[in-house]
Amino acid sequence: MSGAEVHTNTLLSVRGLSLAVAGSGRQVVKDVSFDIAPGEIFGIVGESGSGKTLTTRSLIRLLPQAITVTSGLVQYKGRDALGMTHRELRDLRGAEIGVVFQEPMTSLNPSMTIGRQLEEGLILHTKLQPEERRHRILDMLKRVGIRDPEGALTAYPHEFSGGMRQRIMLASVMLLKPALLIADEPTTALDAVIQRDVMELMVELTQAEGTAVLLISHDLPMVARYTSRIVVMEKGSIVEAGRTEDLLDAPQHSYTKKLLQSLPLRGEVRVLDTAKAPMVSAKDIVVDYPGRKSFLKKAQAKRALHGVSIDIHEGEVVALVGGSGSGKTTLGRTIAGLVKESSGNIQFQGRSRDADWRDYRLNCQMVFQDPYSSLDPRMTILALVEEALRLVPDLDRAAKRQRAREVLEEVGLGGDFADRYPHELSGGQRQRVAIARAIARRPRFLIADEPVSALDVTVRAQVLDLFSDLQKRYGFSCLFISHDLGVVEQVADRVVVMQDGRIIEQGDRDTIFDNPQEAYTRRLLSAIPALAINEQGGVKLKWRLEA
């Protein structure tokens with residue numbers, strides 16, 4: 001394997017692995033080779049479609065029916081994994097090789113209690129008695145940070161947050177003490193703090209058991225923090241491999257350099273006029289959600305926002321950051337008018353938002369996290385953008401169509417894109433459509449709720465550059481909601497930090513990032529690196545606020 005160290009003491013060895021689509025014969029993975037040593041943390045990085053997940057699923061023969069292995073050798077502890085019988089595979093999966101998937105909600109059975117799901121593997125792979133199984137499960141739940149292990153045994157997956165579900169998934173895998181853990185994008189959907197907590201927990205558990213880890217991700221800083229060696233995949237092939245630190249410092253392949261140069265960097269400081277009245281001002285916003293009713297108890301309301309106040313000035317990009325459940329999205333939706341505040345008031349351009357609701361709704365637009373669910377799959381891209389202009393006065397049908405075409409050109413979707421449907425576009429292209437819909441009316445105020453969290457590194461960089469260009473061109477004010485602090489550092493003028501429905505710290509971007517005052521802000525920032533690009537096209541990662 002070119003550029004990579006080969007271990008004599010090998011736990012897993014992959015040689016010349018190639019996968020193809022049955023029928024067409026189109027190769028999706030080509031001649032992949034690597035080795036993993038016992039106890040090692042090994043990374044595979046690349047964007048969506050690079051073949052990372054298919055490669056790792058083939059190791060334990062969990063490939064989709066349409067994908068077949070055309071050549072290659074996979075050896076686990078010297079045994080041919082591709083030639084194992086179904087019984088041998090059953091003994092291998094879980095007991096010897098564990099897998100943590102990207103979305104725990106789809107991995108956990110929603111109709112089974114957590115206790116029953118955790119017990120399944122122990123029943124199948126061990127001879128422990130029921131009381132011994134219960135004791136081991138409770139001990140593992142404590143180790144992964146579940147506050148009430150006893151209560152968790154009878155709870156269902158939907159009763160836990162995303163971070164807690166991923167901890168439970170990790171517990172279910174580590175109960176069997178596998179020799180190899182495959183972690184496929186284990187933290188993609190999690191915020192920065194929970195992401196780091198889950199990764200630190202995974203490393204702690206695997207080191208305690210001597211488990212090797214195969215970490216698959218498109219998050220280069222995370223892979224760089226935890227792995228000793230990595231391979232970089234593009235279009236089904238390994239384009240570069242080596243020690244993590246060496247590869248990041250001096251990448252050789254153009255694709256690796258492109259990935260590294262797509263990481264978000266701090267943007268330039270802008271001078272804005274904040275003396276005038278804010279474009280949008282929210283004062284003492286309280287939001288209560290009705291609680292769950294029961295036969296014996298009255299519904300108890302849950303307070304999501306506790307008297308939150310925020311100002312957004314003309315042309316300013318204010319980033320709203322915080323962990324999952326901090327109230328970021330609730331505040332954004334309340335300002336947009338999608339959630340009704342229990343008390344407080346919202347002003348637009350110095351007067352009550354409700355005084356001219358129509359004007360406010362024409363001038364306040366929103367870009368959602370998942371563009372696929374916010375775009376009508378039955379409408380063409382042109383029709384979707386044109387629909388946003390339906391209530392704009394002084395534009396006839398021809399003018400609206402012309403404006404829609406112009407906006408699509410501005411977001412890089414000209415030509416035949418206009419006649420396509422959402423399912424014919426990539427994730428990044430769909431997000432461009434969502435942005436086009438939002439800016440088509442030339443709004444004065446835009447709310448962007450996690451607009452790039454679901455995108456690959458290079459696509460994310462393209463969308464952020466597009467967003468910055470459009471913001472400079474049209475000068476709209478923006479509330480930018482994100483848990484990705486690297487992205488915030490690139491686009492924001494001012495940062496507002498939320499925790500448990502309250503604003504705990506706010507200030508200009510450089511002050512918050514360089515001199516945070518609150519412990520929670522410091523914890524958020526310690527989960528992301530400060531990046532420095534070097535002359536070789538590589539990066540130096542320095543973890544913030546760490547001695």
query: Taking the stated definitions as given, is Leu205 surrounded by fewer than 21 Cβ atoms within 10 Å (Cβ to Cβ) and either at pLDDT 90 or above or not β-branched (Val, Ile, Thr) (or both)?
result: yes
- request: Return the only residue of Ala183, Ala224, Ala212 being within 17 Å of Ser48 (Cα to Cα) and touching a Leu at 6+ places or on another chain (Cβ under 6 Å).
  value: Ala183
Meets criteria (at pLDDT 90 or above and among the hydroxyl-bearing types (Ser, Thr, Tyr)) for Ser161: no
Residues of the stretch 321-362 that turn out to be part of a strand (DSSP E or B) and in contact with an Asp or Glu (Cβ under 9 Å, 6 or more places away or on another chain), as a count: 6
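Here is a yes/no grid of residues against (1) over 28 Å from Arg266 (Cα atoms); (2) surrounded by 16 or more Cβ atoms within 10 Å (Cβ to Cβ); (3) assigned by TED's automatic domain parsing to the domain that holds Asp469:
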| residue | (1), (2), (3) |
| --- | --- |
| Asp311 | no, yes, yes |
| Glu314 | no, yes, yes |
| Gly344 | yes, yes, yes |
| Pro371 | no, yes, yes |
| Pro377 | yes, no, yes |
| Ile381 | yes, yes, yes |
| Glu386 | yes, yes, yes |
field: Residue count, the stretch 363-389 (criterion: assigned to a helix (DSSP H, G or I), over 20 Å from Val280 (Cβ atoms) and in contact (Cβ under 8 Å) with a residue 12 or more places away in the chain)
entry: 9
- line: Screening Leu181, Leu141 for residues that are hydrophobic (A, V, I, L, M, F, W, C), in a helix (DSSP H, G or I) and not assigned by TED's automatic domain parsing to the domain that holds Gln499 leaves only Leu141
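The rows are residues; the columns are (1) buried (at least 16 other Cβ atoms within 10 Å of the Cβ); (2) touching a strand residue (DSSP E or B) at 6+ places or on another chain (Cβ under 7 Å); (3) assigned by TED's automatic domain parsing to the domain that holds Asp370; (4) not β-branched (Val, Ile, Thr).
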site: Asp449; (1), (2), (3), (4): yes, yes, yes, yes
site: Val452; (1), (2), (3), (4): yes, no, yes, no
site: Val459; (1), (2), (3), (4): yes, no, yes, no
site: Tyr474; (1), (2), (3), (4): no, no, yes, yes
site: Phe480; (1), (2), (3), (4): yes, yes, yes, yes
site: Val495; (1), (2), (3), (4): yes, yes, yes, no
site: Glu505; (1), (2), (3), (4): yes, yes, yes, yes
site: Thr511; (1), (2), (3), (4): no, no, yes, no
site: Thr521; (1), (2), (3), (4): yes, yes, yes, no
query: Leu220 passes all but one of (1) closer than 30 Å to Arg494 by Cα; (2) over 24 Å from the mean Cα position of the chain (by Cα); which number fails?
result: (2)
field: Residue pairs meeting the criteria (Cβ under 7 Å; at least 6 apart or on separate chains; first farther than 18 Å from Pro38 by Cβ, in the stretch 220-235; second crowded, with 20+ Cβ neighbours inside 10 Å and of a type in the set (D, E, K, R))
entry: Val232/Glu240; Met233/Lys52
task: Kindly indicate whether any position in the stretch 390-407 is under 21 Å from the mean Cα position of the chain (by Cα), in the same structural domain as Gln490 (by TED's automatic domain parsing), without any contact (Cβ under 8 Å) to a residue 40 or more places away in the chain and not in a helix (DSSP H, G or I).
output: no
query: within 29 Å of the chain's Cα centre (by Cα) and within 20 Å of Val488 (Cβ to Cβ): does that describe Glu341?
result: no
statement: Among strands (runs of 3 or more DSSP E) entirely within the stretch 24-115, at least 3 residues that are more than 30 Å from Leu138 (Cα to Cα) occur in 27-36, 41-45, 67-76
- request: Could you identify the single residue in Thr244, Thr211 that is crowded, with 20+ Cβ neighbours inside 10 Å, in contact with a Ser or Thr (Cβ under 7 Å, 6 or more places away or on another chain) and of a type in the set (S, T, N, Q)?
  value: Thr244
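The values are calculated or read from the model by the stated rules, or taken from the named source; none is laboratory data. All of these numbers come straight from a predicted model, not from anything done at the bench. We place every Cβ from the backbone using ideal geometry, glycine too, and count neighbours over all the protein chains shown.
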